[in-house]
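Participant: Below are the structure tokens for one structure; questions will follow.
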Amino acid sequence: MRVTLCVAALLLIGAATASAQQPDTTARGDSAARADSIARADSIRIVRELERIQNEPRTPAQPPSTQLAQGGSAGPTNPRLLPDVSAVGDIVGDLSPDGATEEGGDRFAVREIELALQAAVDPYFRGDIFLGINDLEKVSIEQAYLTATALPGGYEARIGRFLMPMGKQNTTHRHDLHTVEYPWVIQSFLGAEGATGTGVWVSKIFAPFGFYQEIQATAIDRFGERPDGVYTEEPVNRKLSGLGYSARLRNYWDLSEASNIELSASAVTGRREQPIVCGALPDGVCAADGDGNALAVAARQSVIGADLTFRWRPLRQGLYESFILQGEVMRQLNERHPALPAISGATVEYAGPVRDATGAYLFARYQITRRTYLGARGDWLQDAFAEDASLRAGSAYLEFFPSEFSKLVAAFEHVERDAAFTGFAELGPDRTTNRVLLQATFALGPHKPHPF
């Protein structure tokens, strides 16, 4: 290309020079003089452009890995291979009139600092690491997983630690919830911070019936964390049947340009440590190990559930008006007659759950201004360790978003528990508790959004 331009320029310059050297046998008019001036100016411009092109530094050929990255197939485009680093602060205040109801008993606390490192590993994998930092657990690994991004057939696979796809809200970190804490049914059946698992995750999106569906399946090391102060004669996951397994089927429909609905069903199962008591022994505590942990027994526990989410956001008023209605119901299925160990001189009795339990919540949130939202939630939960005992709660929320990187929440909650209800000792001895909670969250850096 450059050779062609050079040849054209030389021919043009030569022609202009030859024309200028010819004898002027007739008087030339003004139009001819202007034409010669324009031709000479064009020639000069072409020569200068060729000089500029030749003086530019040449770019070396790009390696295949960079070409893959620029082509969008996969791979990092950052030549220094630095991951995206972000941090989220979650600060909670508890102004409840009868004392703090938070886990640590503090009135004000930095509940957690979440540090995230996320990047493409190579053309085939992506890595995500989420670390939780707080005063109670110090530093913990919330999530750390490798995602395969180039599997055939549209499949996605993860290996590592991740939030379990059990229900709708469990796949969202607490700082990104529309409420200050998880609903009571999730706290009871899955844990105060939700359920995580370490293992393998496989998912696929398809649309055989004209609407979107997604199937998610996991196999994890165990279902739930090991309770403090107990141990079993052999690990609950010694056999493959003792691992944790879960599955979720999501269904999504667009009802109109302004509204959509999501209906899902999910289940998780695994073996978990459950308490036993030994009659005729001191305090009824069965044999303890060297660390003082009491003997327990492994029993199967399963949770099945269904969730429904309706979203409305009009196209013209979407920045100022929206509505979400969401509900979940879960059923906990407990093995009540597991095989008990034989202990000399003691009568061993099972002290685990005495029944299957059900819990549910219904949540609604309406946007009243561009940055302000009003929400309310109702909760109901049965106690698996006590017959005919349940918890009921109602809460209201005011959310304000100064920007997409910060959130302020004020909440009031009224909780009632039957006299026989066990658990949630942080609520205090009274069976009726009023809670006043404040929350402030902020994000630094490119924090990856949670699943829709």
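Participant: Within the set of pairs 6+ apart or on separate chains, which have a first residue in the stretch 145-160 that is within 17 Å of PHE206 (Cα to Cα), a second that is modelled with pLDDT under 95 and β-branched (Val, Ile, Thr), and C-beta atoms under 8 Å apart?
Facilitator: The qualifying pairs are GLY154/ILE205; GLU156/THR149.
Participant: Does TYR366 qualify as being at pLDDT 95 or above, aromatic (Phe, Trp, Tyr), within 26 Å of VAL436 (Cβ to Cβ) and in contact with a Phe, Trp or Tyr (Cβ under 7 Å, 6 or more places away or on another chain)?
Facilitator: Yes; evaluated as a whole, the condition is true for this residue.
Participant: Still on this structure, please answer the following. Given GLU413, GLU404, GLU335, GLU387, which one is out of contact with any Phe, Trp or Tyr (no Cβ under 6 Å at 6 or more places or on another chain), among the acidic types (Asp, Glu), open to solvent by 30 Å² or more (accessible area, probe 1.4 Å) and farther than 30 Å from VAL230 by Cβ?
Facilitator: Answer to the selection: GLU404.
Participant: Now for a different question. Among the residues of the stretch 133-141, are any of a type outside the set (Val, Ile, Thr), within 15 Å of the chain's Cα centre (by Cα) and either at pLDDT 95 or above or open to solvent by less than 70 Å² (accessible area, probe 1.4 Å) (or both)?
Facilitator: no
Participant: With the structure loaded, tell me whether TYR361 is hydroxyl-bearing (Ser, Thr, Tyr), open to solvent by 70 Å² or more (accessible area, probe 1.4 Å) and assigned to a strand (DSSP E or B) or whether it fails that test.
Facilitator: So TYR361 fails the test.
Participant: Here's another thing I want to ask about it. Give the stretch 423-442 a look and list any residue that's β-branched (Val, Ile, Thr) and in a loop (DSSP other than H, G, I, E, B), or say none.
Facilitator: Within the stretch 423-442, no residue meets the criteria.
Participant: Still on this structure, please answer the following. Pick from ALA150, ALA109: which is out of contact with any Lys or Arg (no Cβ under 9 Å at 6 or more places or on another chain), at pLDDT below 95 and surrounded by 16 or more Cβ atoms within 10 Å (Cβ to Cβ)?
Facilitator: ALA109
Participant: Keeping to the stretch 255-290, report how many residues are in contact (Cβ under 8 Å) with a residue 24 or more places away in the chain, among the charged types (D, E, K, R) and out of contact with any Lys or Arg (no Cβ under 7 Å at 6 or more places or on another chain).
Facilitator: 3
Participant: Just one of (1) under 26 Å from the mean Cα position of the chain (by Cα); (2) crowded, with 19+ Cβ neighbours inside 10 Å trips up TYR366, so point out which.
Facilitator: (2)
Participant: Please verify whether ILE205 is in contact with a helix residue (DSSP H, G or I) (Cβ under 8 Å, 6 or more places away or on another chain), of a type in the set (Val, Ile, Thr) and open to solvent by 10 Å² or more (accessible area, probe 1.4 Å), treating the condition exactly as stated.
Facilitator: Spelling it out, ILE205 is indeed in contact with a helix residue (DSSP H, G or I) (Cβ under 8 Å, 6 or more places away or on another chain), of a type in the set (Val, Ile, Thr) and open to solvent by 10 Å² or more (accessible area, probe 1.4 Å).
Participant: Moving to a separate point now. Sort out which residues of the stretch 369-393 are under 26 Å from the mean Cα position of the chain (by Cα), in a strand (DSSP E or B) and within 28 Å of SER322 (Cα to Cα), and write them in order of number.
Facilitator: Hits for the stretch 369-393 are THR372, TYR373, LEU374, GLY375, ALA376, ARG377, GLY378, ASP379, TRP380.
Participant: So, one more: Any idea which residue in the stretch 358-367 is nearest to GLN274 (Cα to Cα), counting only those that are out of contact with any Pro (no Cβ under 7 Å at 6 or more places or on another chain) and touching a residue at least 40 places away in the same chain (Cβ under 8 Å)?
Facilitator: Ranking the qualifying residues of the stretch 358-367, first place goes to GLY359.
Participant: Further question: If a residue has to be more than 20 Å from ASP228 (Cα to Cα), open to solvent by less than 80 Å² (accessible area, probe 1.4 Å) and not in a strand (DSSP E or B) to count, how many in the stretch 293-320 make the cut?
Facilitator: 2
Participant: Moving on. So, in the stretch 238-255, of the ones that are crowded, with 18+ Cβ neighbours inside 10 Å and not hydrophobic (A, V, I, L, M, F, W, C), which residue ends up modelled with the lowest pLDDT?
Facilitator: Top of the filtered list is GLY242.
Participant: Does the stretch 263-292 hold any residues that are under 41 Å from the mean Cα position of the chain (by Cα), in a loop (DSSP other than H, G, I, E, B) and loosely packed, with under 14 Cβ neighbours inside 10 Å, and which are they?
Facilitator: Across the stretch 263-292, the qualifying residues are ASP289, GLY290, ASP291, GLY292.
Participant: Would you mind telling me which numbered condition in (1) within 22 Å of the chain's Cα centre (by Cα); (2) modelled with pLDDT of 95 or more PHE405 fails?
Facilitator: Of (1) within 22 Å of the chain's Cα centre (by Cα); (2) modelled with pLDDT of 95 or more, only one is false for PHE405: (2).
The values are calculated or read from the model by the stated rules, or taken from the named source; none is laboratory data. All figures in this text were calculated on a predicted structure; none of them were measured in a lab. Note that we place each Cβ from the backbone using ideal geometry, even for glycine, and neighbour counts take in every protein chain shown. Surface accessibility is based on the protein's heavy atoms, side chains included, excluding ligands, DNA and RNA. Shrake-Rupley method; radii C 1.70, N 1.55, O 1.52, S 1.80 Å.
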